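Visitor: One structure, pasted below without further comment.
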Amino acid sequence: MKDINFKNRKVLIRVDFNVPLDSKLKVSDDTRILASKPTIKKILDDGGSCILMSHLGRPKANEKEFSMFNILYKIEEIFERNVIFSNDCIGWRAKELSQGLKPGEILLLENLRYYQEEINGNYSFAKKLASLGDFYINDAFGTAHRAHASTSVIAQFFPKAKCFGYLLSKEIKAIGKIMESGEKPIVAILGGAKVSSKIKVILNIIDKVDHVIIGGGMAYTFIKALGGDIGDSIFEPDKEDMALSIIDLAKEKKVKIHLPKDVIIADRLDNSANIKASDSFSIPKNWQGLDCGPKSSIVFNDIIQDCKTILWNGPLGVFELSRFSEGTKALGRSVVNATSNGAFSLVGGGDSVAAVKMFNFESGVSYVSTGGGAMLESLEGKSLPGIRAINMR
Ligand code: AMP
């Protein structure tokens, strides 16, 4: 994108402005808008105009609460200019407004998902969107794993006039730094509730990493499969065999798998529960493991400080409750410390991003991904439709 001059071009940009709104329909977190600011600014500075298209939420019947109009004021505030709004993303109104667009102006289209055709990847809907601009940029990593009209199908109408936006490029580079060119030793930290949602990730990264730290709820399926007593901790009985196969595979590949040695157990999932530290392989009946224990945090920290590349996906405990957040916080501190000593750290996919934000670790890690599902699918080794569509000549 940096080598292209957008002077006098009408650039259709697929952004991910699916931002959270509060009860008064005001933007409560503008991170996603700010994330695409460099892309939009470059086009405006070059003397081009921007036609922004995005989805917002999951509308069923064009409900007003999902209108892009709700976020218009925030875009105006961020770009310090009036932004033109089209109350339809296709049709004569959108066409007229895009035709009248002058250099330096921004046009915001109504929610793409007011049309089912967007999600279905409908060809003629994509063609109508494409007719609004003369250049196409995809800057929406959050939806890059979807083969939707605006994220993938539309690209074919711009065979020689399409590229990634700065945000999407950054995401691709960050994933590449882990999956292709990561400096060794590499550690992947995987947490979260269920092992079932991470199996494909583990199987794909096992060839690339030196250490895998498994924490959070998913650890108990491994511990149970290895013969441990896990009390009432969360586990997936149908994934025990898979857990054992992963352990065998890791041995074969000389990758070290680290499970928590101790965990914080509780008599209920509640901030006022009785809690104590326990050996992770001998959790008593009626108790459940809800956080990583202090001894494990020390072991995990030693591994992390020795690594040059760190991938973190998923919290190590029920971090949303303060009583079970210490393990995730300790892990965050370890990752930040290793990063300040020169390691590259990528946090992405699932709730680890929420944890990093909640405990203010964002500025201390190298990169926080903006895409949950897209990040997970990238780590699974899948090629994403939104990225394929731009690369296709
Ligand atoms: P994920 O979306 O897969 O990253 O999972 C995140 C969720 O896992 C969070 O909501 C955590 O509260 C939950 N979680 C982490 N550790 C545990 C645990 N030991 N038991 C139950 N849930 C957990």
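What follows draws every value from the coordinates through simple rules; no lab data is involved. Since this is a predicted model, take the numbers as computed values, not measurements. FYI the Cβ positions are ideal-geometry reconstructions off the backbone, even for glycines, and counts take in every protein chain you see.
Visitor: Distance between the C-alpha centers of region 60-89 and region 196-239? Whole Å please.
Guide: Between the Cα centres of region 60-89 and region 196-239 lies a distance of 43 Å.
Visitor: Rounded, prolate or oblate: pick one for region 37-188, where a ≥ b ≥ c are the square roots of the eigenvalues of its C-alpha gyration tensor, a/c under 1.5 means rounded, and failing that, prolate if a/b is larger than b/c, else oblate.
Guide: prolate
Visitor: Here is a follow-up. Each label point is 7 Å from the Cα along the Cα-to-Cβ direction; what then is the distance between the points at Ser272 and Ile298, in nm?
Guide: Output for this residue pair reads 3.4 nm.
Visitor: Quick one: Debye curve from the C-alpha atoms of the chain, no solvent, what's log10 I(q)/I(0) at q = 0.07, 0.09, 0.11 Å⁻¹?
Guide: -0.37, -0.59, -0.83
Visitor: Here's something else I'd like to know. In nm², what is the average projected area of the convex hull enclosing the Cα atoms of region 1-117?
Guide: With the hull built on Cα positions only, its mean projection is 7.1 nm².
Visitor: Based on the alpha-carbon gyration tensor of region 111-160 and its eigenvalue square roots a ≥ b ≥ c, which shape applies: rounded if a/c is under 1.5, prolate if not and a/b is larger than b/c, or oblate?
Guide: In terms of gyration-tensor shape, oblate.
Visitor: Kirkwood Rh, region 281-323, all Cα pairs: how many Å?
Guide: The answer is 12.6 Å.
Visitor: Let me ask another. Specify the residue with the greatest mean-square fluctuation among Val318, Val27, Val195, computed from a Gaussian network of the chain linking alpha-carbon atoms under 10 Å apart.
Guide: Fluctuation is largest for Val27.
Visitor: Quick one: helix 240-253 against the long Cα principal axis of the chain, what's the angle to the nearest 10°, folded into 0 to 90?
Guide: For helix 240-253, the angle is close to 90 degrees.
Visitor: Next up: Between region 291-328 and region 353-393, how many Å separate their Cα centres?
Guide: 20 Å
Visitor: Using the Kirkwood radius over C-alpha pairs as Rh, can you work out the diffusion coefficient of region 330-393 via Stokes-Einstein at 4 °C, viscosity 1.567 mPa s, in µm² per second?
Guide: 100 µm²/s
Visitor: Oh, and also: Apply 1/(1 + (r/R0)^6) to the Cβ-Cβ distance of Asp229 and Lys60, taking R0 = 56 Å, and write down the FRET efficiency to the nearest 0.05.
Guide: 0.75
Visitor: Where is the GNM fluctuation largest for the chain (alpha-carbon springs, 10 angstrom cutoff): Met242, Met375, Met179?
Guide: Met242
Visitor: Next question, about the same structure. Give me a comma-separated list of calculated 3J(HN,Hα) values for region 292-302, in order, Karplus coefficients 6.51, -1.76, 1.60 applied at θ = phi - 60°, integers in Hz, x for any Gly or Pro.
Guide: My calculation for region 292-302 gives 6, x, x, 5, 4, 4, 5, 4, 4, 4, 4 Hz in order.
Visitor: Can you give the helix-only mean residue ellipticity at 222 nm for the chain, where every DSSP H stretch with n ≥ 4 adds -39500 (n - 2.57) and the sum goes over all residues, rounded to the nearest 500 deg cm²/dmol?
Guide: The helix-only estimate for the chain comes to -10000 deg cm²/dmol at 222 nm.
Visitor: Follow-up. Over region 229-358, one equal point on each Cα, no solvent: what is log10 I(q)/I(0) by the Debye formula at q = 0.10, 0.15, 0.20, 0.22 Å⁻¹?
Guide: -0.35, -0.80, -1.29, -1.40
Visitor: Continuing with the same structure: Can you tell which of Ser282, Ser325, Ser366 shows the greatest fluctuation in a Gaussian network model of the chain with Cα springs below 10 Å?
Guide: Answer for the Gaussian network model of the chain: Ser282.
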